[in-house]
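This report refers to the structure that appears directly beneath it.
The values are calculated or read from the model by the stated rules, or taken from the named source; none is laboratory data. From a predicted model like this one, the values you see are computed outputs, not experimental measurements. Here Cβ is always computed from backbone atoms with ideal geometry, including for glycine, and neighbour counts include all displayed protein chains.
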Amino acid sequence: MFSCEITLTNPSGLHARPAALLVELAKSFSATITLQYGEKSADAKSILSVLSLGASRGASLTIVGEGVDETNAVNKIAAAFTANLGEV
């Protein structure tokens with residue numbers, strides 16, 4: 001298991017567009033990827049699950065990967081968030 005904590009900087013938080021991009025990216029890895037926000041957790045490969053987190057700007061998320069490519073998956077997803085995933 002490999003994990004990383006990030007802070008959402010996108011002004012709109014984790015809304016539909018960045019969630020869709022996140023799911024698309026997560027599906028490119030074989031590892032199981034979970035997002036944790038407070039006491040909630042979501043399957044990063046499910047848009048409904050990701051949107052159910054209701055994470056807004058400034059939220060602290062933990063990205064957890066489990067599987068063969070877990071480190072690469074978590075690092076790539078964290079980098080996408082750092083680059084303001086889906087910001088318009």
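Looking across the range 13-50 at every residue that is among the charged types (D, E, K, R) and in contact with a strand residue (DSSP E or B) (Cβ under 8 Å, 6 or more places away or on another chain), the one that is farthest from Leu61 (Cα to Cα) is identified as Lys45. Flag set for Lys45, criterion: assigned to a loop (DSSP other than H, G, I, E, B), of a type in the set (Lys, Arg), out of contact with any Pro (no Cβ under 6 Å at 6 or more places or on another chain) and modelled with pLDDT of 95 or more.
Name the residues in the range 4-14 that are surrounded by fewer than 15 Cβ atoms within 10 Å (Cβ to Cβ) and modelled with pLDDT of 90 or more, would you? Correct list: Glu5, Thr7.
For the range 48-88, taking the residues that are in a strand (DSSP E or B) and touching a Phe, Trp or Tyr at 6+ places or on another chain (Cβ under 7 Å), the one that is surrounded by the most Cβ atoms within 10 Å (Cβ to Cβ) is identified as Gly65. Residues of the range 1-12 that are touching a strand residue (DSSP E or B) at 6+ places or on another chain (Cβ under 7 Å) and among the β-branched types (Val, Ile, Thr): Ile6, Thr7.
In this structure, Asn10 qualifies as in a loop (DSSP other than H, G, I, E, B) and in contact (Cβ under 8 Å) with a residue 60 or more places away in the chain. Comparison of Leu25, Leu21 shows that the only residue that is part of a helix (DSSP H, G or I), surrounded by fewer than 15 Cβ atoms within 10 Å (Cβ to Cβ) and in contact with a helix residue (DSSP H, G or I) (Cβ under 9 Å, 6 or more places away or on another chain) is Leu21.
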